[in-house]
1. At 37 °C and 0.692 mPa s, grab the translational diffusion coefficient of region 1-147 from Stokes-Einstein with a Kirkwood Rh over Cα pairs, rounded to a whole number in µm² per second.
2. Please work out how much length the chain gains when fully extended from Asp91 to Ile16, using 0.36 nm per residue of separation minus the C-alpha to C-alpha distance, in nm with one decimal.
3. What does the accessible area of Val88 come to, in Å² to the nearest 10, when a probe of 1.4 Å is used?
4. Based on the alpha-carbon set only, what is the convex hull volume of region 29-115 divided per residue, in Å³?
5. As a quick test, which of the pairs Lys51/Lys78; Lys23/Lys45; Lys17/Lys45; Lys45/Lys136; Lys73/Lys136; Lys17/Lys78 have an alpha carbon distance above 25 angstrom in this structure?
6. In whole Å, what are the Cα extents of region 12-56 along the three principal axes, biggest one first?
7. Counting heavy atoms of the protein chains only and a 1.4 Å probe, report the per residue accessible area for region 1-109 as a whole number of Å².
8. Could you work out the local net charge near Val65, counting Lys and Arg as +1, Asp and Glu as -1, over the other residues with Cβ closer than 14 Å to its Cβ?
Amino acid sequence: MSQRVCLGVIIGVHGIKGLVRIKSYTQTDSDIVSYGNLEDTAGNKLHVKIKGRAKSVLLAEVEGVIDRTGAEKLKGEKLFISRDALPVPDDDEFYYADLIGLSVYDNKEVFIGTVNGVHDFGAGELLDVELDGSDKSTLIPFTKECVPVVDLDAKKLTIEPILGLIDDSDENFNGKVIPEKNGELKSCM
């Protein structure tokens, strides 16, 4: 596990007085500043103060940045916090940073790929899995049904096969209920 966790990223500037636009990865977006001073990628401390909101981002002031030119230099900068400053997750809770890089296996211990991202578009978390031996990736719902085992110590997770997400054949899907293209359910026997 990494010693730092990325809590957000500076995605742009706001106005001419040095405000930056921050996309927060915390559950409550304004909590990004609740854990102490943030650090940039190089480990430099950033004193960030939330000043408002604009659509789905936070508007913030970074100490020492007084104009648009200074703020533009921070665009794309990831914002980190020491793992020690964060609460220990409950059982069956994980920080996204801990999931990225895990090896993905199916329930027969066949290597599928590697988690290269975690996304939440509003309907629940999805694991972005880069498929082994391919330049493609797939999104796997991060639910107990689809991902029954997460073993951080072994740096791997196990997924239940989902027809259409990894392989279009149904030889490994005996007894599973899967949706047809028209939305109706069919059982694979």
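The values are calculated or read from the model by the stated rules, or taken from the named source; none is laboratory data. As the structure is a computational prediction, the values presented were derived from the model and not from experiment. Note that we place each Cβ from the backbone using ideal geometry, even for glycine, and neighbour counts take in every protein chain shown. Side chains included, ligands, DNA and RNA excluded: accessible areas come from the protein's heavy atoms. Shrake-Rupley method; radii C 1.70, N 1.55, O 1.52, S 1.80 Å.
1. Estimated via Stokes-Einstein, D reaches 194 µm²/s.
2. 22.5 nm
3. 130
4. Cα-based convex hull of region 29-115, divided per residue, equals 157 Å³.
5. Pairs exceeding the cut-off: Lys45/Lys136; Lys73/Lys136.
6. So the extents along the principal axes, rounded to whole Å, are 26, 25, 15.
7. 60
8. +2
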